[in-house]
Amino acid sequence: MGRPRSLVPPCRFCQKQFKRQEHLRRHERTHTHEKPFVCECGGRFARQDMLTRHLRLSHKYSPENSDVAADYPSSQRERDGESWNSFGTHEIDGTQGTGSTITEAGFSLSQPTPTCDEPDIESDPIGFALEGDLMGTAVEKSANHTIPWNEADDLDFLWNDSRPFSEVLPASFFDTNLSLVDISQQYQVPLLEQQQISEQVEQGQQNVDNSLDINTQPNVDHENDPIAAEEEGDPSQNRQLKGNFAPSISPWKLTPSDYAGLSNDIKELALVLPSSFSLPSRHTISRFLEGFFRSYHDHMPFLHTPSSSASSLGTELILSLAAVGAFYRFENAKGYMIYHAARTLINWRLDQRSGLEISNLTKTSHGYADTPNTRGHPQSSPTINNDGDANPGSRKNPKLLRLLQGLITLMTLASWGDRAVVGDSLAMSGQVAMLVREIGISTPDAGHETSSWEVWVEKEERRRTLWVAYAQSNLQCLTFHFPPTILNREVLLTLPSCGEEWKASNAQEWRHMREFHTPDSRNFQQALGEILQGHQIHEPVAISAFANYVLIHGLFQEIFFARNTSSLVDQPTGSFSMSFVQAMESALRAWQNSWEATYESTLDPLSPRGPMGFNATALVRLAYIRLNANTGPHRQLSTRNPEEIARALIDGRPGVCQRSPFLDRAVLQCIHALSIPVRSGIQFIARTQMLNWSMQHSLCNLECTFLLNHWIQEIARCIEVFGVQNLRDDERKLLSMIHTVIREADLTDLSDWADDDADAVRRLAASTARLWAETFGGFHVFNISQVIGESITIIADILDSRLASSA
């Protein structure tokens, strides 16, 4: 029958019940904050197994060769029936501790035994120097034991990355009975331990040595888990991911070993990188990575953040992300420095790959007589790149995918950055186009059907990376009026998944999401073809916001090529054939029905559903504008000259179709775009949009400013010549909407407004331009937004001056 079970009293603080006495003692330390297990380096721990692990990982001690106990005097090790084990920790009555005695009134700690490196100083009952001797002892102690003061340790002390709630220093830091030196050592230990354990897990090593007789099997009882947190009451444990991948709550945080690896890579590449490049500190790189993940990544979510870590990204991608993140931290100079280094490094990697291929070509004769396969068939032996990977063009080559991700990120920065790097963005678009074809954008993929979360994540990250490359190619076309380097017909990918499924932190959450959301495995060609025919694509299953986003890119590309292949006769008026406009409007309505049916769609840039749906609305407005106006070649955005941009738009160079119900719909889209910042508050949007609104909205607002001004001026001329009765009812309704929006913004006095007064209508044009300009009144992350804001301001100034001169 075994021994009778002893009765264990409940916790004296919270009345929690435990089955074993040692579990109760360990739990009560979470209330008392007692850390009785002391290492000779000064680290203190609440549990013996935590100290054991610390000794193994930080000091390379093992039970077989450890001589820690020998360093302690026997008179100190055996005292009052107490003993010290082989790891230098106190044992009381066969249990491990430091002589802590818990009474009904509270607890007290016996004096800890000094280590061989520290003098035995007079101490008070809690084991620290008496107040009167504290400063003198500290000086004496520092003479015998040099403290490695450095800025990195101080920052680790203030910003302990091992605790998610690191914004607030623990209360124990402010206990004047404790030494800050000891505390700093104590709180720097977990960061190193965490990294070393992570490295061991990745290498397939065992976390705890079996010879220590510590249970390493997972246990439902949190009290028995040796890898659990020191303090069970720590609320941060609720935030830990339990997935099959290495947990990473904050993928932007670089551990000391991550940074050491990055620094070593930079040193090895010193001859490749610019001579002026200096790697920023670990915390600076982490800050920039945080800027990327918190600000940019949601707009183009191609990395799987729950399973991402700095060590998995690679040097090229870390630098690329940090370069963009620096701009979101308004540290542009450092951003460009890192951009230059990342750009140089990626170019070098690509040159290495192409150089090897060219080298292989030089080994063959002019007639390829030495090549057994002369008809375009690949040779049987794989190509080996400089990193030792076979088949560098394979979709399974993660290094090639990381290069593409870094290149896309840098291309984005260069597209929106200062004029000096705009040329770089156009050059990189060709490199991106080459890589996406090599990785397989034109190869049908397997869709979303898989039972393995890890396999699905790998495929979806590749798919999303290719989709982001396609989107960035279209955004360059939209901005600079250059043909896109990735065409609709080349894309054979499956549509991307929904955001919540992508953000699932483990396999269980992922499968749970799939119970409520059936993944749509239609490919891009099928969905785009259905939309172009005006068919509804949201039935029977709605697609994701990301899928809607790439489809509106597809529709925009169709309009772009139709515009640039139409006859020159049609260009001055900006008109398409009636049949084409009707077909495209039908497609845009079908797309909007899909957008409305998608759960993630929202007009709130701060919505937890993400910004993809909101960003897509800017593109649908641009599609309506481009159907009715040929604005693309006349905006001169590549010049980054606000005066030139404003003059090109306001002097009537872009062709606009004649007034019609089709143009009315484009004007309605512009009015709705203007109403969104008015509803939220112009000053609020001006000061916050740089972090929450994507660049697509800035580009959209510029063209909305142009089209509204052009349309209002045409309406004013019509009223002036033919009278207000010549306006259609829809046109008068649109005028009324504009007046209402301007009045709501309370920007100008419209008390004398009358829709039959041509001058009053012209004042509406100036007021709308001024209102758009006000939305750009704050700070901006990228140069192009500032240029667009200055251009709209110039347009508003020109319209005001013309009104003043005609008065």
If I model the stretch 416-500 as equal point scatterers sitting on the Cα atoms and use the Debye formula, what is log10 I(q)/I(0) at q = 0.17 Å⁻¹?
-0.74
Diffing the stretch 589-601: the Karplus 3J(HN,Hα) column from phi (6.51, -1.76, 1.60, θ = phi - 60°), in whole Hz with x for Gly and Pro, holds 5, 4, 5, 5, 4, 5, 4, 5, 7, 7, 4, 6, 6
Over 23 Å between alpha carbons, listed pairs K253/K503; K399/K459; K267/K363; K253/K459
K267/K363; K253/K459
Kirkwood calc, the stretch 444-599, C-alpha pairs only, radius in angstrom 16.8
How far apart, in nanometres, would the label points at S660 and Q352 be if each is projected 7 angstrom from Cα along the Cα-to-Cβ direction?
5.6
With every protein chain present, what is the per residue accessible area of the stretch 629-806 (1.4 Å probe, Å²)?
40
Diffusion coefficient, µm² s⁻¹, Stokes-Einstein with Kirkwood Rh over alpha-carbon pairs of the stretch 300-345 at 20 °C and 1.002 mPa s:
193
Taking Cα centroids, how far is the stretch 478-506 from the stretch 422-457 in Å?
9
State whether the stretch 618-678 is rounded, prolate or oblate according to the following rule on the C-alpha gyration tensor (a ≥ b ≥ c being the square roots of its eigenvalues): a/c under 1.5 gives rounded; otherwise a/b larger than b/c gives prolate, and the remaining case gives oblate.
oblate
Residue-span extension gain [N564 to Q525] - 0.36 nm each, minus C-alpha spacing:
11.8 nm
Residues whose placed amide H lies under 5 Å from that of G655, excluding near-sequence neighbours
N630
Which percent of the accessible heavy-atom area of the stretch 444-599 goes to carbon and sulfur, probe 1.4 angstrom?
55
Mind ordering 740-746, 338-344, 482-488 by average Cβ neighbours within 10 Å, highest first?
338-344, 482-488, 740-746
Quote to one decimal, in nm, the extra length available between S451 and A270 on full extension: 0.36 nm per residue of separation minus the C-alpha distance between them.
60.7 nm
Mean Cβ count within 10 Å, highest first, over the residues of peptides 639-647, 439-447
639-647, 439-447
A 1.4 Å probe over the protein heavy atoms gives the stretch 691-746 a carbon and sulfur accessible-area percentage of 45
Using alpha carbon centroids, what distance separates the stretch 619-695 and the stretch 723-795, in Å?
12
What nm distance separates the two modelled labels at A260 and R12, each placed 7 Å from Cα along Cα→Cβ?
4.3
What percentage of the solvent-accessible surface of the stretch 626-686, computed with a 1.4 Å probe over protein heavy atoms, is contributed by carbon and sulfur atoms?
47
Does the stretch 556-670 come out rounded, prolate or oblate, given a ≥ b ≥ c as the square roots of the eigenvalues of its C-alpha gyration tensor, rounded meaning a/c under 1.5 and, failing that, prolate meaning a/b above b/c?
oblate
Using only the Cα atoms of the stretch 738-807, build the gyration tensor, take square roots of its eigenvalues as a ≥ b ≥ c, and label the shape rounded, prolate or oblate: rounded if a/c is under 1.5, else prolate if a/b is larger than b/c, else oblate.
oblate
Between D298 and R743, the two model label points (7 Å from Cα along the beta-carbon direction) sit apart by a distance in nm of 3.5
For L803 and V541 in the same chain, what is the full-extension length gain: residue separation times 0.36 nm, less their Cα-Cα distance, in nm?
89.0 nm
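The values are calculated or read from the model by the stated rules, or taken from the named source; none is laboratory data. Just so we're clear, the structure is a prediction, and the values are computed from it rather than from any experiment. No Cβ is skipped: glycine too gets one built from the backbone with ideal geometry, and neighbour counts run over all protein chains shown. These area figures cover heavy atoms from the full protein model, side chains too; ligands, DNA and RNA do not enter into them. Shrake-Rupley method; radii C 1.70, N 1.55, O 1.52, S 1.80 Å.
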